[in-house]
Every structure is written in structure tokens, then in C-alpha cells.
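Asker: First the structure, which I've put down as C-alpha cells, then a few questions once you've had a look.
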Amino acid sequence: MKLKSLFLKLFIHINSFLWIIFLYILNNKIFLVNIDYIFEYKEYIFDFTQYNELMNIVLYLLIIFIMSLISVYLLKDIAKVSKELTITIKKINPIYREYLPVFLSIIIIALSLKNIQEYNIVFFNSIFVFLFVLFYMTKIGFLNPFYYILGIRIYKIETDKSEYILISNEKDYKFLSQQNKLKKIDEELLIHTKDTNG
């Protein structure tokens, strides 16, 4: 179970970190796919090369969205076998209030980097590894815009004994604050789903 929860958290953080990479790629106009194709039919000419940037943006967002769907599926799957934890919630807040400034500072660092070709590859990779470790340690990897679109909300809760990250598909956190039975993924991560707790 510990290995599963570690993999889940790592996957969630990698998924969210892709937003940082996406913004870096967008800022430096690095294309994953280069389409060099011109379609001609009689007097009509359609040049696909002018849509390279748009197609790369769509492709990259699609990758992040699919990974977000997979992580939501993994969350629901691991919640089925997780133990219930009875707690009293003292304080609950959406996570973005606390972690958004750190997330934005990492975005600023990524946007300030020049094109990868201007750096030593080891230096460049070590910067991104450092940013990811920072991302993982500060738990800002739970900030993923696609989770919001998919109806997933992330909260920070405080109890008498500890603090947790709570993942829920419940939008009303006043309702959540009255819940006392949640699924425990690991020592710092809880999950609440409407189908398990009403």
C-alpha cells in the first residue's frame, strides 16, 4: 500500500510539473512535433507549417489532460482499498491559498530560463530536477488546473494532531468540515468521495 501511495503522489506531482515544462516550452517556442507539410489541391494551397505552434500546444495540453484523468482514476482506485480514518476537522481551506505563491515563483523561474540549447545539458537538467524536488517537497504538485475542470478539489485540513492534504470531489468545504470519516492514503494524504461518504 505504501508503494502504491508513493507512486500515486509521484505521478500527481509529475503531472502537475508538466505545466511548468509546458510554460517553458511555450515561452521558448520548442516544438515536440514539427509538421512540414503543404497540401495542394488544384488552386488551393493549405500550409500546415503555420499551425505548428497551435498543434504543439494542443498536443501538450492533451498529454497533461490524459495524465490528469489517469491520476484521478488512480486516486479512486486506491481509495477503494484504503482504511477509513476518523478525525475531527478543526480548520479547512482550499490549498491554492497557501501554495499558489510558491507555484507562481517556480513558473517565474522556468520562464526566465533561456532556450535549452544555450545551456550545458547537465546544468539545465539539474535545474529542472531541483525545481521538481522543490515542487514535491512543498506539496504544490497538487495544484493542477485540470483537476478543477474534472471536479476535483484539494484542501488543507488541520486536526488536533496533524495537518493533511484532502482530495475531494466535493465543492462545498463547509460540508466537508462536518465529515469525520475519510479514506487515508498515507500519513499526509486523505481522500473523500461522494460515493464513499455520501
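The values are calculated or read from the model by the stated rules, or taken from the named source; none is laboratory data. Small disclaimer: the values here were computed from a predicted structure and weren't measured. Positions of Cβ are generated from backbone atoms using ideal geometry, with glycine treated the same way; all protein chains shown enter the neighbour counts. Surface accessibility is based on the protein's heavy atoms, side chains included, excluding ligands, DNA and RNA. Shrake-Rupley method; radii C 1.70, N 1.55, O 1.52, S 1.80 Å.
Asker: Order the peptides 17-29, 33-45, 96-108 from the highest to the lowest mean number of other Cβ atoms within 10 Å of their residues.
Answerer: 17-29, 96-108, 33-45
Asker: Another question, then. Counting only heavy atoms of the protein chains, get the accessible area per residue of the range 1-154 (1.4 Å probe) and round it to a whole Å² value. Walk me through the intermediate numbers first.
Answerer: Numbers: 9640 Å² over 154 residues.
Per-residue accessible area for the range 1-154 comes out at 63 Å².
Asker: By average Cβ neighbour count within 10 Å, what is the ranking of 121-132, 141-152 from highest down?
Answerer: Ranking, from highest mean packing down: 141-152, 121-132.
Asker: To continue, here is another question. Rounded, prolate or oblate: pick one for the range 125-164, where a ≥ b ≥ c are the square roots of the eigenvalues of its C-alpha gyration tensor, a/c under 1.5 means rounded, and failing that, prolate if a/b is larger than b/c, else oblate.
Answerer: Judged from the Cα gyration tensor, the range 125-164 comes out oblate (a/c at least 1.5, b/c at or above a/b).
Asker: Also, quick follow-up: Quick one: pull the percentage of alpha-carbon pairs in the chain with a separation above 24 Å.
Answerer: 49 percent
Asker: Looking only at the chain, where both bridge partners belong to it, what percent of the DSSP beta bridges are antiparallel (to the nearest 5)?
Answerer: Counting only bridges with both partners in the chain, antiparallel ones make up about 85 percent.
Asker: Kirkwood Rh and Cα-based Rg: tell me the resulting Rg over Rh for the range 88-167, rounded to two decimals. Don't skip to the answer; put the middle values down first.
Answerer: Details: Rg = 16.0 Å, Rh = 14.5 Å.
That ratio equals 1.10.
Asker: If you average the sequence gap of Cα pairs under 8 Å that are 6 or more apart and divide by the length of the range 1-90, what percent do you get for the contact order?
Answerer: 32 percent
Asker: Using unit Cβ charges (K, R positive; D, E negative) and no other charged atoms, how large, in debye to the nearest 20, is the dipole of the range 1-99 about its Cα centre?
Answerer: Roughly 1060 debye, rounded to the nearest 20.
Asker: Next up: Of K80/K161; K2/K139; K4/K184; K139/K184; K9/K174, which ones are farther than 23 Å apart at the Cα?
Answerer: Beyond 23 Å: K80/K161; K9/K174.
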